[in-house]
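I have placed the structure first, in the form of C-alpha cells, so that the comments after it can refer back to it.
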Amino acid sequence: MRNHLLKPQGQFPAAGLIRRLAALFYDTFLSIALMMVVTLIYQQVILRAFYGGDALKTMAEAGGLDIDPILSTLLLFTLFGFFAKFWTHNGQTLGMQVWGVRIQNADGSAIDLWQALLRFLLAIISWAPLGLGYWWMLWDKQKRTWHDIYSESQVVQLPKNIHKK
C-alpha cells in the first residue's frame, strides 16, 4: 500500500543544514513544553492519585522522583508520537512548517510509521558523536543525514508562499 501524496507536489531541492537546524531548534521548544505538560499530569495527577499528596511530597523531598523509568519511557513515547503524527500526516512538524521544510519519500508521499520510528531513533543517535549524523549532510551529495539515509526519506525545502497559491 502506498502512502498518501503530500501537497504541494513537485521537485524540490534538499533542505540545507541551517534551515533544518532552525526547524529543529523551534521544535525543541515545543517538545520541552509537551514534556513539561506530560510530567505535570503524570506527577500531579497520576502519582498523586496513587500515593496521595503527603506521600508524594515526602517522596519528592527524598529524591524519590528524580529518576523515574516510567516517566522517562512515557516521555520518550510522547515525543515519538508528536514527531510521528506530524511526519506521517503532512510531512512537517510545526517548526518545519515555519522554516519551509518537509520530510517525504522520493516520490513525494508521506513517510510511514516504520520510517518515522527509524528517523526518530537515528536522529537521537546522530547527536551522540558531536552531531556527526547531522554534519554528514555537508559531505553527502544528496545532502542527507544518517537518519535520512537509513529511513529512506528526504528533507526538502519548499518554495516560499507555496501553500498560498
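The aspartates and glutamates whose alpha-carbon is closer than 20 Å to the alpha-carbon of residue 57, local same-chain residues fewer than 8 away aside, are 66, 68.
For the chain, the alpha carbon positions stretch 60, 36, 31 Å along the principal axes, listed from largest to smallest. Net charge near residue 65, counting Lys/Arg +1 and Asp/Glu -1 over other residues with Cβ under 12 Å of its Cβ? Spelling it out: positives minus negatives among the neighbours equals -1. Values of log10 I(q)/I(0) for the range 35-120 across q = 0.20, 0.25 Å⁻¹ run -0.87, -1.16, by the Debye formula with one identical scatterer at each alpha carbon and no solvent. May I ask you to work out the translational diffusion coefficient for the range 1-76 at 10 °C, viscosity 1.306 mPa s, via Stokes-Einstein with Rh from the Kirkwood sum over Cα pairs, reported in whole µm²/s? Here the translational diffusion coefficient equals 99 µm²/s.
Any read-out appearing in this document is the output of simple, stated calculations on the displayed coordinates, not a laboratory observation. Remember, it's a predicted structure, so these values are computed and weren't measured experimentally. With ideal geometry, Cβ positions are generated from the backbone for all residues, glycine too; neighbour counts draw on all protein chains shown.
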